[in-house]
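FYI, it's all coordinate maths here, none of it is from the lab. On a predicted model such as this, the values are computed, not experimentally measured, just so you know. We place every Cβ from the backbone using ideal geometry, glycine too, and count neighbours over all the protein chains shown.
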Amino acid sequence: MIIIIDYGLGNLKSIQNMLKKLGFDSEITSNIEKISKSSKIILPGVGSFDTAIKNINDLGILDVLNKKANSDKVPILGICLGMQIMCNESEEGKMKGFSWIDAKVKLFKFESNQFKVPHMGWNIVIPKKESAIFKHNNTKPFRFYHVHSYYVELKDSSQEIAYTNYGFPFTTSFQKENIFGVQFHPEKSHKFGFELLNYFAKL
């Protein structure tokens, strides 16, 4: 079963509806027992870094998420804020992230008004190398919908599987073994989002 983690932040029903249209069953929950039995996990997120970490701690689900990610090695997809909380820390807050990925989340800062913050709208996503969620199209750009003021800066650039240009190239997707992160919103990205979620669900 694909579990969509409900910690009070994110477009949960939109993700579930896309999976349903693709023919995959999923459940939205924060129940520890159900998470422990999951075959795949989606960690969505819209909002602030510290609020996300606090909500997850308050629900008592961090231990089971760590076990699924690091011991059971089930595929886990973090979306937007869900991607960011997989990292060590964020300039947005003071709380520690999951540290599944050795990375820091940084605020977009531009000296001119040419690039607005937040980065909002459709943008080209360029796969850097072939991966399980950007299959067979590793040289073809995709278009995904972004809404974010912060971006991930990886310590290990080999974990970057796709990037986007917004003032400079930033990591818009990473992979470390079974752990995937995307800064954009597949659930708002029409055919490109369907394709990515379909690949993830078939892992």
- Message: I need the Kirkwood Rh of segment 123-194: take the reciprocal of the average 1/r across all distinct C-alpha pairs and report it in angstrom.
- Response: 12.3 Å
- Item | Estimated FRET transfer efficiency when R0 is 35 angstrom, pair ASN31-SER131 (beta carbons, to 0.05) | 0.70
- Excluding LEU203 itself, calculate the net charge of residues whose Cβ lies under 12 Å from the Cβ of LEU203, where each Lys or Arg counts +1 and each Asp or Glu counts -1. +3
- Coil-residue GluC sites (Glu not before Pro) of segment 22-125, DSSP, other Cβ within 10 Å capped at 10: GLU111
- Item | Positive dipole terminus of segment 2-201, leading residue within TYR145, PHE115, GLY47 (C-beta point charges) | TYR145
- Message: Looking at the chain as a GNM with Cα springs under 10 Å, which of ASN11, ASN113, ASN88 has the largest mean-square fluctuation?
- Response: ASN113
- Taking every pair of Cα atoms in the chain, average 1/r, invert it to obtain the Kirkwood radius, and report Rg/Rh to two decimals. 0.93
